[in-house]
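Asker: I have a structure I would like to understand better, so I am pasting it below and will then ask my questions one at a time.
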Amino acid sequence: MDKSLFISMNGADNAMHQLQVLSNNLANVNTNGFRADHTFTHKYEVANQGQQTRAYAQLDKTYTNFDPGSIIPTGRELDIAMENNGFIAVQSNTGREGDTRSGGLQVTQDGTLTTSSGQMLIGSAGIINLPPAKKISIAPDGTISALLVGATDMVTIDRIKLVNPDLSQLEKGEDALFYTKTGNPAAQDLNVKVVSGALEGSNVNVIETMTQFIDLSRHYETHTSYMKNIADNTGKSNEILAL
C-alpha cells in the first residue's frame, strides 16, 4: 500500500512541476524574445536485494528552447530584434550582467536606455545614457546615433554590447535573463547584428503547449485519483483488521 502511494505521489508531484513550467510558457506567449522551457523525466528503478521492486519517474533539469521567434516589424526607432544568433547585454535589477533578446527599448526620464522590463542596456563604457534628442537610430552593429536637440546632424552616442555566448553554457534566471554558468559576463561579439524597427516574438508553440498541458492535467488527475483509492482501500483494510 505504502509503495503504491509513494509512486502516485511521485507522479503527481512531477506532473504539477511540469504544469507550472507549461503555465509559465503560456503566460509569456506574447512576451518579446521569450524562450520556452521544457522538462523531461526518466525512469528511476528501485531494487531490493538485487531484485527490481518498483520504478519512479524522476524529473530531469529544465531545458530552454533557444529556437528563434518570428520577427515582427514595428517601425518604432527604439525596437530592435536579433538578426540571427546573439543577445543584448543588460544589467539586471540585482546588478549582474545578463543577456536578453527582448528588444523593446525605452528611455527613462534621466536618459537611461532600458528594456521594457527596466533592465539597463550596457554599452562601450557601461550603462548607456542618452542626451535629449529629437531622433534616435540604431545601426545593425548596435551603434546608437541621435539628432540632439538644437543640432542639425546625427552624432554617434554609444554602441550596444551584443554577445553570442555558447548556448550550452547559459542558464535562465528567475528574471528571465540568461546568465553564464561561470558567472562571468559574456564577451562582446562584433559579428552579432540587429534589425532596427522590429521585435522578435516569443518562440512558444501555443497549440503544442496546450496539448501538453491537457495531457499532463489528465496524468495529474489519474495520480490523485489513484491516491484516493489507496487511502480508501487502506481504511477498509484497517476496519477489517479491527474486527
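Asker: Students often get this wrong: which residues of the range 122-144 have the backbone nitrogen under 13 Å from the point 7 angstrom along Cα-to-C-beta of L190?
Answerer: 141
Asker: Ok, one more. Starting from the Cα-Cα distance between D141 and N85, subtract it from 0.36 nm times their residue separation and give me the gain in nm to one decimal. Walk me through the intermediate numbers first.
Answerer: Values: separation 56, 0.36 × 56 = 20.16 nm, distance 1.31 nm.
This chain segment gains 18.8 nm when fully extended.
Asker: Follow-up question, since we're still on this one. Could you give the size of the charge dipole of the range 104-203 about its Cα centre, using +1 on the Cβ of each K and R and -1 on the Cβ of each D and E, expressed in debye and rounded to the nearest 20? Walk me through the numbers before you get to the answer.
Answerer: Working: 7 positive and 10 negative charges, 42 e Å.
Taking the Cα centre of the range 104-203 as origin, the dipole is about 200 debye.
Asker: Can you work out D for the range 96-213 in µm² s⁻¹ from Stokes-Einstein, where Rh is the Kirkwood radius over C-alpha pairs, the temperature is 4 °C and the viscosity is 1.567 mPa s?
Answerer: Details: Rh = 16.0 Å.
It diffuses with D of about 81 µm²/s by this estimate.
Asker: Using amide H atoms built in the peptide plane, which far-off residues or other-chain residues are under 5 Å from G123 H to H?
Answerer: Hits under the 5 Å cutoff: I128, K161.
Asker: Assign unit charges at the C-beta atoms only (+1 for Lys and Arg, -1 for Asp and Glu), then state the dipole size of the chain relative to its Cα centre in Debye, rounded to the nearest 20.
Answerer: Values: 18 positive and 26 negative charges, 23 e Å.
The dipole of the chain has a size of about 100 debye.
Asker: Just name one of S168, T152, G183: the one whose Cα is farthest towards the positive end of the charge dipole of the range 113-190 (beta-carbon charges, Lys/Arg +1, Asp/Glu -1).
Answerer: T152
Asker: List the aspartates and glutamates whose alpha-carbon lies under 14 Å from that of K134, not counting same-chain residues fewer than 8 positions away?
Answerer: E77, D153
Asker: Still on this structure: On a straight-distance basis, which aspartates and glutamates could pair with K61 in a cross-link, Cα separation under 16 angstrom, same-chain partners fewer than 8 positions away excluded?
Answerer: Straight-distance partners of K61: D13, D37, E171, E174.
Asker: If the limit is 29 Å between Cα atoms, which of K172/K228; K135/K181; K161/K181; K135/K172 go over it?
Answerer: Values: K172/K228 37 Å; K135/K181 38 Å; K161/K181 19 Å; K135/K172 34 Å.
Exceeds cut-off: K172/K228; K135/K181; K135/K172.
Asker: What whole-number value in cubic angstrom gives the convex hull volume per residue for the C-alpha atoms of the range 82-128? Can you show the working numbers first?
Answerer: Working: hull volume 3.7 nm³, N = 47.
Output value, Cα hull per residue: 79 Å³.
Asker: Taking every eigenvalue of the Cα gyration tensor of the chain, multiplying by 5 and rooting it, what semi-axes result, largest first, whole Å? Numbers along the way, then the final one.
Answerer: Values: eigenvalues 528, 61, 42 Å².
Over the Cα atoms of the chain, the semi-axes work out to 51, 17, 15 Å.
Asker: Here's a follow-up. Label 7 Å along Cα→Cβ of V107; the range 144-168 residues with amide nitrogen under 17 Å?
Answerer: From the range 144-168, the list is 144-160.
Asker: Another question about this same structure. I need the calculated FRET efficiency for the pair N93 and T41, taking r as the beta carbon distance and R₀ as 41 Å, to the nearest 0.05. Before the final figure, lay out the partial values.
Answerer: On the way: r = 33 Å, r/R0 = 0.81.
According to the calculation, E is roughly 0.80.
Asker: Can you run phi through the Karplus equation (6.51, -1.76, 1.60; θ = phi - 60°) for the range 165-182 and list ³J(HN,Hα) in whole Hz, with x for Gly and Pro?
Answerer: x, 4, 4, 5, 9, 9, 9, 7, x, 5, 8, 6, 7, 9, 10, 6, 5, 7
Asker: Still on this structure: Would you please give the FRET efficiency between D153 and S116, computed as 1/(1 + (r/R0)^6) with r the Cβ-Cβ distance and R0 = 25 Å, to the nearest 0.05?
Answerer: On the way: r = 30 Å, r/R0 = 1.20.
Approximately 0.25, to the nearest 0.05.
Quick note: the coordinates plus some simple rules give every number you see, no bench work behind them. These figures come from a predicted structure and were not determined experimentally. So basically every Cβ, Gly included, is an ideal-geometry build from the backbone, and we count neighbours across all protein chains shown.
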